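All of the numbers you see were taken from the coordinates with simple rules; none came from a lab. Only a predicted model underlies this, so the values are computations on that prediction, with no experimental measurement involved. Note: ideal-geometry Cβ built from the backbone for every residue, glycine included; neighbour counts use all protein chains shown.
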């Protein structure tokens, strides 16, 4: 009896294991988590599991167009020198000689002249950047000393054709050679669940360079990337089919004129850099096209929408109105 009471006065204390604490400090988070789970302790019970969002990053290509500006082709409708070229007196400030379309735009003569001067300044600035931050900077790189905007359109035409041929064949290896990562994300969905038939028949006008830009990505890293915008005016045949072989857009038998401003890119910081198709530019002065509605020929009559007809009141019976006495 007394021995049991004496035993209750004593109790064992669990001393911390110093060796185990040192091992925990040297353990990886995964090993430490396994030890805690063996003891019945869940370290992430009250913590939201971490979700990983990984995506590919490359420094051999820029993810956007550096300068999408394209000079206007032809006379500008807002240019007062174009509006009043038939009568020079209209430029001298005689408001009663202004045409009615000038009042519809609600623009004064001074504002129109200012816009014309700004347009001229932008054109000169664009030519300066083409030389200073374009051709001159590209020629400083080893292997690109002979770069010329006169001979580049031939290279651009070849890359453009080979890229579309690789797209029709679904050849990813060839696509990586002729298009950039940005262009792959935009072009591959067209053939992922469908097919494309494309053919370039002829050039209406020779291709020409309209813009040259060069910049380093990231900034001030020396990793120069060059982009060249080429104007292409060609005759093409294109047909887009869905995965069931139904025609969605275009036709294989009719060729149409296509005017495009195609962006080509090169990682000139690397001696082995090649020109690849990168993107397309849609100038501000181009009128947007209307989206064509998707049309499908209905071959089965029971699938055709029936015309709704109004129902008669009373289940087809005429209602008898009470006669007035």
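What does the C-alpha gyration tensor say about the overall shape of segment 190-297? Classify as rounded when a/c is under 1.5, otherwise prolate if a/b is larger than b/c, or oblate. Kindly include the intermediate steps, with their values, before the conclusion.
Details: a/c = 2.30, a/b = 1.86, b/c = 1.24.
Prolate.
For 234, 51, 122, 155, which order do you get if you count the other beta carbons within 10 Å of each Cβ and list the fewest first? If you can, show how the numbers build up before the last one.
On the way: 234 20, 51 5, 122 13, 155 16.
So the residues, fewest neighbours to most, are 51, 122, 155, 234.
What is the mean projected area of the alpha carbon convex hull for segment 7-71, to one decimal in square nanometres? Mind dumping the intermediate values first?
Numbers: hull surface 41.3 nm².
Averaged projected area of segment 7-71's Cα convex hull equals 10.3 nm².
Sort 270, 61 so that the residue with the fewest other Cβ atoms within 10 Å of its own Cβ comes first and the one with the most comes last.
Numbers: 270 15, 61 18.
Placing the least packed residue first, the sequence is 270, 61.
Could you please rank 278, 219, placing first whichever residue has the fewest other Cβ atoms within 10 Å of its Cβ? Please list the in-between numbers first.
Details: 278 24, 219 7.
The fewest-first ordering by Cβ neighbours comes to 219, 278.
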